[in-house]
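To start, the structure itself, in structure tokens.
What follows is calculated from the coordinates using simple rules that are stated; it is not laboratory data. As the structure is a computational prediction, the values presented were derived from the model and not from experiment. Every residue, glycine as well, gets a Cβ built from its backbone with ideal geometry; the counts of neighbours run over all protein chains shown.
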Amino acid sequence: MIMIDNLIDPEFQSQVQDKIDNLTKPKGSLGYLETLAGQICMIQHTLSPTLKNPCNILFAADHGILAQGVSVSPKEVTWQQSYHFLEGGAGISFLCHQHGFRLMVVDAGIDHDMDYSSGIIDMKVRKGTRDFSIESAMTPDEFNLCLQRGAECVNRVHADGCNVISFGEMGCGNTSASSIWMSLLAGIPLAQCIGAGAGLDSKGVSHKLEVLTGAVQKFKAGNKAHSIKDILCYFGGLEMAMAVGAMLRAAELRMVILVDGFIMTNCMLAASKLDPNVLQYAVFGHQGDESGHKMLLEYLHAKPLLNLGLRLGEGSGAVCAYPIVESAVRMINEMDSFRKASVTKYF
């Protein structure tokens, strides 16, 4: 049972704010860096926070809905890219190298016989989800196993000293699953949640909307009351469910969680429906270029650090934003107070 601490502590929050306000600068002049530093202090419950051994865990899996022509990417890209990540030539690879992140690639449900001697972590639940236009993508047991294995991945890196973590994904068709999660969990019309994914043209987007609308109508037939887990099981991806479990466990361990783009923001949305306290541990790395991401961030009252038009996934936007998080921590640790610097407080 995941038990995430509520970070609301007015007395300690006052101490944090007092330290920030008495650094050698006009009050509030470092803007969102001050907010971010305060959040990290609250997460770690210290006035001198640290960022140690950052890690990006990338979950990979295939989606049965791909059979309905909702993506331009062929299924084999999932397993091919999973090897490529660890070979060092992918987008997330250079960003992890640049910013000192460990990259862990996890097979959550790739529809391929993988060679795990490559360094890919075997957490496979099944070879891809079922086609949710026909039946539920996962069973409740498969979904719960994903949550457990996602948490296990976090346990591994936490045991190695990691206290700041990001998550990424690889899975052709996962924008379809994410769009439905967004619509059903946030109450936003499906048409506003659907985008081009890996590069659909307008005709392809229309077809995607038609397929997903039909799937949702079938799910809702009979007016049966559905739980949050029912929605996540029926439409989710194995890699997405694993990321949800990982986010919940990271928050339970009081880790800073860097949230990536459209798919990982939907995973944070899902995690928040299971335990709202998880949002207190989330730092949203960027606003992506996928249709619906801005709307979803607004729904979550989230302030992304970057807006670079990214839509790669993989954890790329979260890792790219890491230097800003590091600057916030350096601010509170390395700036002098007015008293220590013998500078007159000038505001």
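Worth a mention:
- Inter-site label distance for residue 98 and residue 144 at 7 Å from Cα along Cβ, in nm: 4.3
- Whole-Hz ³J(HN,Hα) from phi, Karplus 6.51 cos²θ - 1.76 cosθ + 1.60, for segment 122-136, glycine and proline x: 7, 10, 4, 8, 6, 7, x, 7, 6, 6, 6, 6, 10, 7, 4
- Note: relative contact order over segment 82-141, using C-alpha pairs below 8 Å and six or more positions apart, is 26 percent.
- Cα-based reach from residue 345 at 17 Å (exclusive), listing lysines while leaving out same-chain residues under 8 positions away: 19, 25, 27
- About its Cα centre, the dipole of segment 55-329 is roughly 660 debye, where the only charges are +1 on Lys and Arg Cβ and -1 on Asp and Glu Cβ.
- Added length on full extension, which subtracts the Cα-Cα distance from 0.36 nm per residue, residue 83 to residue 134: 15.3 nm
- 20 Å cut-off, amide nitrogen to a point 7 angstrom out along residue 155 Cα→Cβ, residues in segment 1-36: 1-5
- In segment 1-82, the trypsin sites (Lys or Arg not before Pro) that fall in loop regions by DSSP, at most 13 other Cβ within 10 Å: 27, 52
- Residue 196 long-range amide H proximity, modeled H, under 5 Å: 291
- For the chain, the membrane-span-like helix rule (DSSP H, alpha carbon extent of at least 15 Å along the helix axis, mean Kyte-Doolittle at least 0.0) picks out 31-44, 174-186, 238-252, 262-274, 322-334; this says nothing about an actual membrane.
- Segment 55-329: C-alpha gyration tensor shape, a/c 1.5 cut-off, then a/b vs b/c: rounded
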